[in-house]
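One structure is given below, encoded as structure tokens.
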Amino acid sequence: MESIQKVSRYLIDNAHAISLEMVNLSLENLEIDIPEELIQQSVKANAEFLVLLAESFNESDENAAKELIEWSKKYGEQQATMLSQLSALIKPYAENRLAFMKRITQISMDHKLTTENVVAINNRVSYLMDVSMIETIFAYEAYRDGLMKERQREINELSAPIVPIQQGIAVLPLIGVIDHPRVQHLLNKVLPGIPLIDTEHLIIDFSGILTIDAEVAQHIFTIHNVLELLGIHVMFTGIRPNLSMAVVQAGIDFTSFNTFGSVKQAIESIK
């Protein structure tokens with residue numbers, strides 16, 4: 001046990017130097033350019049990992065992992081914001097892990113640890129490195145998911161603009177795929193702003209819609225009713241045969257809609 005504590009103290013005292021050595025070795029296995037900021041961050045993170053590892057020699061795997069998880073979440077999020085490809089991070093993991101294990105094994109042997117103690121330390125290293133990689137992947141995925149949601153929000157705003165075209169007349173052109181999130185965006189973000197632009201007639205144009213299902217068609221009917229309750233005359237244009245089938249399958253009375261083949265025809269009907 002005394003020998004293990006000596007290894008622990010050695011790792012803590014030389015954490016930065018060992019970390020720098022391991023990071024430089026890892027860079028040789030990477031196929032992408034890493035920003036200098038991320039390199040320095042990796043050196044610091046790996047040094048902290050070595051300290052956590054050294055301090056965990058007297059703890060159970062569960063207690064050691066608990067502290068490491070918090071550390072991994074923090075650095076996983078930071079790495080996620082600076083790396084565009086998760087595969088680039090994972091691909092060299094096996095080689096880096098092997099090199100790290102060899103270095104820790106050599107340190108253990110230099111301190112004349114028994115085979116049993118060397119195996120115990122290596123098992124702890126393997127376990128904590130795997131925990132760290134898993135948490136890094138989780139953090140990366142959470143970051144990317146958040147980024148995708150933000151981009152989808154921006155897409156929703158750009159693909160459903162209210163366009164005033166004449167006094168009291170506006171067009172809402174729908175573009176792309178209408179799914180449940182898009183409908184919720186229309187209900188919660190777009191519709192409340194329509195009365196503010198002094199609109200009496202709103203033309204909802206479906207010419208740019210790629211597909212629509214029965215559930216969403218029902219929501220479109222809801223949008224129609226909400227606008228009518230607000231005193232806005234609603235007209236639908238550009239409804240192709242496949243969209244018409246979705247409306248019919250949703251059990252919606254198609255005859256209750258004011259529909260036109262084009263925006264031009266809808267405007268002429270108002271005149």
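The values are calculated or read from the model by the stated rules, or taken from the named source; none is laboratory data. Keep in mind the model is a prediction, meaning the values are calculated, not measured. Methodologically, a virtual Cβ is constructed for each residue, glycine included, from the backbone with ideal geometry; neighbour enumeration extends over all protein chains shown. What goes into the accessible areas is simple: the full protein's heavy atoms, side chains included, and nothing from ligands, DNA or RNA. Shrake-Rupley method; radii C 1.70, N 1.55, O 1.52, S 1.80 Å.
Scanning region 119-133 for residues that are of a type in the set (Val, Ile, Thr) and touching a helix residue (DSSP H, G or I) at 6+ places or on another chain (Cβ under 8 Å), which turns out modelled with the highest pLDDT?
Step one: of region 119-133, the residues of a type in the set (Val, Ile, Thr) are 119, 121, 125, 131.
From the residues that got through so far, the ones that are touching a helix residue (DSSP H, G or I) at 6+ places or on another chain (Cβ under 8 Å) too are 121, 125, 131.
Values: ILE121: 89, VAL125: 86, VAL131: 82.
Taking the candidates together, the pick is ILE121.
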Original post:
Can you tell which of GLU116, GLU70 is assigned to a helix (DSSP H, G or I) and either of a type in the set (Lys, Arg) or modelled with pLDDT under 80 (or both)?
Top reply: GLU70
Subject >> Hey, LEU174 farther than 30 Å from ALA54 by Cα and open to solvent by 80 Å² or more (accessible area, probe 1.4 Å) or not >> reply: no
Original post:
For region 250-261, how many residues meet the condition of being modelled with pLDDT under 75, surrounded by fewer than 17 Cβ atoms within 10 Å (Cβ to Cβ), of a type outside the set (Ser, Thr, Tyr) and on the phi < 0 side of the Ramachandran plot?
Top reply: 2
**OP:** Could you figure out which of (1) under 21 Å from ASN258 (Cα atoms); (2) of a type in the set (A, V, I, L, M, F, W, C); (3) touching a Leu at 6+ places or on another chain (Cβ under 8 Å) isn't true of PHE221?
**Re:** (3)
Subject >> In region 227-249, residue modelled with the lowest pLDDT [restricted to those that are in a loop (DSSP other than H, G, I, E, B) and either under 20 Å from GLY176 (Cα atoms) or of a type in the set (Phe, Trp, Tyr) (or both)] >> reply: ARG240
Subject >> Matching residues, region 23-62, being open to solvent by 20 Å² or more (accessible area, probe 1.4 Å), outside any loop (DSSP other than H, G, I, E, B) and among the aliphatic types (A, V, I, L, M) >> reply: LEU25, LEU27, ILE39, VAL51, LEU52
Subject >> Residue under evaluation GLN184, criteria (1) part of a helix (DSSP H, G or I); (2) open to solvent by 70 Å² or more (accessible area, probe 1.4 Å); (3) farther than 30 Å from VAL7 by Cβ; (4) of a type outside the set (A, V, I, L, M, F, W, C), criterion not met >> reply: (2)
Original post:
Before we move on, is GLY146 in a strand (DSSP E or B), surrounded by fewer than 15 Cβ atoms within 10 Å (Cβ to Cβ) and either at pLDDT below 75 or not β-branched (Val, Ile, Thr) (or both)?
Top reply: no
Subject >> Enumeration of residues in region 202-238 that are open to solvent by 40 Å² or more (accessible area, probe 1.4 Å) and more than 34 Å from the chain's Cα centre (by Cα) >> reply: ASN225, GLU228, LEU229, LEU230, GLY231, HIS233
